[in-house]
1. What is the one condition in (1) out of contact with any helix residue (DSSP H, G or I) (no Cβ under 6 Å at 6 or more places or on another chain); (2) at pLDDT 90 or above; (3) within 7 Å of chain A (Cβ to nearest Cβ) that B:Met664 does not satisfy?
2. Just the residues that are of a type in the set (Asp, Glu) and either more than 9 Å from chain A (Cβ to nearest Cβ) or outside any helix (DSSP H, G or I) (or both), please, taken from the range B:667-689.
3. Of the residues B:Pro472, B:Pro476, which single one is without any contact (Cβ under 8 Å) to a residue 60 or more places away in the chain and in a helix (DSSP H, G or I)?
4. Could you list all residues from the range B:44-61 that are among the β-branched types (Val, Ile, Thr) and surrounded by 14 or more Cβ atoms within 10 Å (Cβ to Cβ)?
5. Among the residues of the range B:145-159, is there at least one that is touching a residue at least 60 places away in the same chain (Cβ under 8 Å), within 14 Å of another protein chain (Cβ to nearest Cβ), buried (at least 20 other Cβ atoms within 10 Å of the Cβ) and more than 25 Å from B:Cys28 (Cα to Cα)?
6. Suppose the filter is touching a helix residue (DSSP H, G or I) at 6+ places or on another chain (Cβ under 9 Å), modelled with pLDDT of 85 or more and more than 18 Å from B:Leu789 (Cβ to Cβ); does B:Ile831 pass it?
7. Collect the residues in the range B:33-69 that are in contact with an Asp or Glu (Cβ under 8 Å, 6 or more places away or on another chain) and part of a helix (DSSP H, G or I), keeping them in residue-number order.
8. Taking the condition among the basic types (Lys, Arg), facing chain B (nearest Cβ under 7 Å), within 30 Å of B:Ser712 (Cα to Cα) and not in a strand (DSSP E or B), does A:Arg93 pass?
Amino acid sequence: MELVVAAAIGILTMVGIYLLLRAHTFPVILGLTFLSYAVNVFLFAMGRLTIDRPPVISPDAMGYTDPLPQALVLTAIVISFGMTALIVVLALRGYLETGSDRSALDAPRRTDEEGRS
Amino acid sequence: MTLLLVVLIPFMGALLPPLVIRSGRNTCAVATGGVTLLALALLMSHAPAVFSGEVPKAGVDWVPAMGLSLSVFADGLGFFFAAMILVIGLLVIVYARFYLSREDPMGRFFAYLLLFQGSMVGVVLSDNVILLLVFWEMTSLTSFLLIGFWTKRADARQGARMALVITGGGGLALIAGLLLLAQAAGSYQLTEILSRGEMVRASPLYLPALLLVLAGAFTKSAQFPFHFWLPHAMAAPTPVSAYLHSATMVKAGVFLLARLWPVLAGTEAWFLIIAPAGLVTMLIGAAIALFRNDLKGLLAYSTVSHLGLMTMLLGLGTPMAAVAAVFHVINHATFKAALFMSAGIVDHEAGTRDIRRLGGLMVLMPVTGTLALLAAASMAGVPLFNGFLSKEMMLEEAAHTSYLGLDLLFPVLATVAAVFSVAYSARFAIGTFLGPVRGDYPHHPHDPPLGMWLPVAVLVVPVIAIGLFPGPVAGPLVALTAAAVIGGPLPDYHLALWHGITPALVMSLVAFAGAAALILAFRRADALRARLPRIDAKAMFEASTGMFVVGCRRSLVALHDGALARYMGVTVATLIAVGGYGFWSATHGAGTRPPLPVTATALTAFLALVLASGGVLAFHGERLTALILTGVVGVVVALAFLQFSAPDLALTQISVDVVTTILMLLALNLLPKATPREQSLAVRWRDGTVAGLAGLGVAGLAYAVMTRNGTSISEYYLTQSKPGGGGTNVVNVILVDFRGYDTFAEIIVLGIAALAIYALLDPALKGAAVRRIKAMLPRTESRDAHPLLLVVATRVLLPLSLVVGAYIFLRGHNEPGGGFIAGLVVAIALIMQYIASGYGWAAERMKVDAQSMIGAGVAIAGLTGIAAFAFGRPFLTSTFGYLHSPVVGTFELASAMAFDLGVFLTVVGVMLLSLAQLSRVAHRVDPSPESREPMDVQLERTVPRTAGGES
């Protein structure tokens, strides 16, 4: 099972990074979502995988999984939403202002831009 | 504690001048002087203790384990320097009051001056080396502000920048040097370090530490080859030159050498590096000074020369030379500050500082002239003035110094430097004040007001007093300071006018004779100098900084050319390289943790994830399809959380996914629906390789961790959750109790993100953006009536969803649930109303606005935390108790519940604000009419519209 989860994390990371490297905003946003999934599952997996041991205290529980990564990931999921929402709105505003949803300047920056003295 | 106040008062007082400048320039100067006087008085209250041999200390520990503390001490050296800084500061403040013109912003000037003063006092009194470094950098920064005070002048700006680059750069080296020193000594407290000289000198870190410390000291004290910034700093107002560039800041380097003398001095390296550097600086500075026509330029190079003299003396490493260095610090501060002020007066009154246009001022301004001549005589080393005494001691030391077997090197070069030194002093005095009165001064020179020459007079008093009676006047102070520098018994010395016919006296006589010849032959010497190749340090500096800037820009553009993909790619590739190096430079064994068996369900879910991810990769150009497939991946992730004992995460993930999908759909409504494929196959393969390698690395890392057992701190949370936090859902107890601080910060971040979204979409939306949205409107579906079924279903479900939300919230402390999840559920229920019935309808019925909800949420969470203070407990300490109610029975009430309520409100507010804003964008540009009926399910209006707008 560990191998399956690790493979899933790898695939999510790969798709996320590939999409991040695209030149338009929407794929980049999706890429960020994929990367968030990958990171969240990765963090969660740091508590090792356990089945049927939820960290809810009860007298007849057989044992508990590590609750700390869960608490960290829970906040991470919510924060990822805040980040995604902000990026989406940035992309939207950028598109509405410029009429282009590319994530790159039309002309690359050049080295001879003069600094002021 | 009063000692700490000596350092802090100037900083606090710096607020004063800009405030009181409204009451006039005199009030402003008095306030500034009052601040300095207060600090000086507090310092002087320690004088009896210091002179009786005690070392007053004060301070507050900050992080003792890391050697960080706000601690100061005043031994003889620190006390002497602090007193000098404050006394001369006081005189400079009086002088500046009359020097600055009405147009100059005096409040700002005095504020800078006090900030500098505080930093400088901090440098000399710091006990902790880190603290010293902080103050050291602050002197660089404040001197930048002071040198560039006349911001409109290009030379002031350039001079300020050059000083900052050189002294700031040296400061960086000093940071490394002092850290190494602290490492070698095993302490960050100077008082400790000073007692461990043997240990430091035996350490292998000694040489690197010494070199780095010297880089800091030499740049600050303008030693060759870093001397060139000081003359350019003369673009500063003259009070600044008198204060920073003669008496205080440039002496910081000398101070540092003296401070660390007991630890670092006495080795071969110390002597071989510092002594010749000082000697060369002394010689070069004096030679250049002679040919300067600008009075301040002449004095600047003279200062460079005298700093070299002090550095050389400290570099000799003998106790006797250290005494001479300390004595010269006192003498130089008095006569040089007086001379700078006199030069300022001449500039002020005659309208020029060019020595070729001056002369004969003695007749026109006798007071200034007399004072300046006295100070200049001291600078030349004329007997009966204090400069003579310390210079004589220097020559005596040089006469006995042999460098690498060269017996004559030091005596001869020191004598040559003395020749130049006498000559430039004479040129300064003769060229400015003596000779015939001229008729072509730019102004009509006369003596300035009392306030301007009085500080000069005050400085000239010790010049003569020490010169005549060195023992009684300066003896105790020199002994005190020198004892602190040497850190051991003082050598046998006498501060006296007459020592008999000594080598030093002979060298002095040679210097006077040589200088007389040089002055007589000045024109020929000057012509000779004009034929020598000139090294323009400023041009070289500008060229090298220019090259540096171009290099930086090139590498920056190479990494970041304005395309997101470029630097993301660079970042990921670097991470892969670093990770790969780490992986291959170590050995790895297989994990020992027994793996879980793979189930068919898990494999099916994995297959779904692979297919959905592959689909996204293949069809990401079709944005809607890609979004739906992403949703599938989200569901699989949620299921995985459920499978692996994390019900809270599963609930959170699934509700966040719903909100995120709605958000993206709303955005996609206004964004292009497809992504054009404009990249070549090669680029896609390259990115694919990078992404694939990164995925492989992350997967490998995750697998490696999962197959190994580890230790966790969670045992504490599991055992304490019920007795300590009063809840059985450990994840929720961690969030609202054990790590409530994190959660508190997190909801603040969420709130800020939502407000940023609001700011991006609401008030600033105009111009091109509005035109684009209008152009889009005809093809949006927003004019259609809302589907009947959806409207009815969402409205019926709303109360139900709210009850579910309340239930999830209330049980959260003991069962999966809690503020985050409940907030998401309620937010989804509310957002559904916007989707089903339209923005206008829903917004009108929303009685609470989202911003207030966020504010209330953060406030409630914060107040819950603060409430703990009322019981004398730290922030966010929780409590709980059991209530008995007739209907529900016994139930638990925890203060963490109130905190969770804050979380809940913030989450609802954030979700509503961001989604409602997004759905409002189109509405705001073109508000379509909304139905006023309680239920806008009007068949006669809905039907034709739906039919007409069928898509």
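The values are calculated or read from the model by the stated rules, or taken from the named source; none is laboratory data. As the structure is a prediction and not an experimental result, all values here were calculated from the model. No Cβ is skipped: glycine too gets one built from the backbone with ideal geometry, and neighbour counts run over all protein chains shown.
1. Here B:Met664 clears every test but (1).
2. The first filter runs over the range B:667-689 and keeps only residues of a type in the set (Asp, Glu), leaving B:678, B:687.
B:Glu678, the sole residue that qualifies.
3. Values: B:Pro476 fails: without any contact (Cβ under 8 Å) to a residue 60 or more places away in the chain.
Criteria check complete, one pass: B:Pro472.
4. Filtering the range B:44-61 for residues among the β-branched types (Val, Ile, Thr) gives B:50, B:55, B:60.
Matches in the range B:44-61: B:Val50, B:Val55.
5. Yes, there is a match, as at least one residue in the range B:145-159 is touching a residue at least 60 places away in the same chain (Cβ under 8 Å), within 14 Å of another protein chain (Cβ to nearest Cβ), buried (at least 20 other Cβ atoms within 10 Å of the Cβ) and more than 25 Å from B:Cys28 (Cα to Cα).
6. Numbers: touching a helix residue (DSSP H, G or I) at 6+ places or on another chain (Cβ under 9 Å): yes; modelled with pLDDT of 85 or more: yes; more than 18 Å from B:Leu789 (Cβ to Cβ): no.
Against the criterion (touching a helix residue (DSSP H, G or I) at 6+ places or on another chain (Cβ under 9 Å), modelled with pLDDT of 85 or more and more than 18 Å from B:Leu789 (Cβ to Cβ)), B:Ile831 does not qualify.
7. B:Val50 - this is the single residue of the range B:33-69 that is in contact with an Asp or Glu (Cβ under 8 Å, 6 or more places away or on another chain) and part of a helix (DSSP H, G or I).
8. Numbers: among the basic types (Lys, Arg): yes; facing chain B (nearest Cβ under 7 Å): yes; within 30 Å of B:Ser712 (Cα to Cα): no; not in a strand (DSSP E or B): yes.
For A:Arg93, the condition - among the basic types (Lys, Arg), facing chain B (nearest Cβ under 7 Å), within 30 Å of B:Ser712 (Cα to Cα) and not in a strand (DSSP E or B) - is not met.
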